[in-house]
Amino acid sequence: MTNTSTPQANNGRAWLALLLAGAFEIVYALSVAGSEAFTVLSWSISAIVFFLLTLYALSVALKTIDVGIGYAVWAGIGAVGSAIFGSVLFEQPLTLTQAFWLAVIIAGVIWLKLASSAKLQADESGLVAS
């Protein structure tokens, strides 16, 4: 059986898998917090399930996306999402300074995505060849 999907479609699926892995990472981190050091059974089971899901989705994404970029985006999504949802669900404080640095992480993740786009890489290789 041959793969008839285009490289762009594979890249899009990889980024979708990476976003899904980031979402799973957020739920995993929140589940670990809710498990209270794995003493609450329901939260502990949730943590284990979402740990496995995040690793699977991340591994699917890293088949196409470079590991350095993929891991940075995944970790950024997890860190920012956990901080935001942790402040809402667990009433953990989120200061203005912390929010600023989370925004810096978001900006970095966006720039990493933009820097890894095929069009930008083609433009850069064209500049280098000239």
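Residue 97 is checked against (1) assigned to a helix (DSSP H, G or I); (2) more than 24 Å from residue 68 (Cα to Cα); (3) at pLDDT below 95 and fails just one. What number does that condition carry?
The failed condition is (3).
State whether one or more residues within the stretch 39-46 are of a type in the set (Phe, Trp, Tyr) and either exposed (fewer than 12 other Cβ atoms within 10 Å of the Cβ) or within 26 Å of residue 110 (Cα to Cα) (or both).
So in the stretch 39-46, the residues of a type in the set (Phe, Trp, Tyr) come out as 43.
Those left that are additionally either exposed (fewer than 12 other Cβ atoms within 10 Å of the Cβ) or within 26 Å of residue 110 (Cα to Cα) (or both): none.
No, because not a single residue in the stretch 39-46 is of a type in the set (Phe, Trp, Tyr) and either exposed (fewer than 12 other Cβ atoms within 10 Å of the Cβ) or within 26 Å of residue 110 (Cα to Cα) (or both).
Here is a list of conditions, (1) surrounded by fewer than 17 Cβ atoms within 10 Å (Cβ to Cβ); (2) within 12 Å of the chain's Cα centre (by Cα), and residue 36 meets all of them except one; can you say which number that is?
Failing condition for residue 36: (2).
Only residues that are in contact (Cβ under 8 Å) with a residue 12 or more places away in the chain and either assigned to a helix (DSSP H, G or I) or more than 24 Å from residue 90 (Cβ to Cβ) (or both): list them for the stretch 33-43, please. Break it down into steps so the answer makes sense when it comes.
If we filter the stretch 33-43 for residues that are in contact (Cβ under 8 Å) with a residue 12 or more places away in the chain, which is where we start, we get 33-35, 43.
Within the stretch 33-43, 33, 34, 43 meet the criteria.
Only one residue in 64, 54 is under 26 Å from residue 114 (Cβ atoms), in a helix (DSSP H, G or I) and touching a helix residue (DSSP H, G or I) at 6+ places or on another chain (Cβ under 7 Å), so which one is that? Before you say what the answer is, go through the steps one by one.
Numbers: 64 fails: in a helix (DSSP H, G or I).
None of the other options fit; the residue is 54.
The values are calculated or read from the model by the stated rules, or taken from the named source; none is laboratory data. Because the structure is a prediction, the values reported are computed rather than measured. Please note: Cβ atoms are built from the backbone with ideal geometry, for glycine as well, and neighbour counts cover all protein chains shown.
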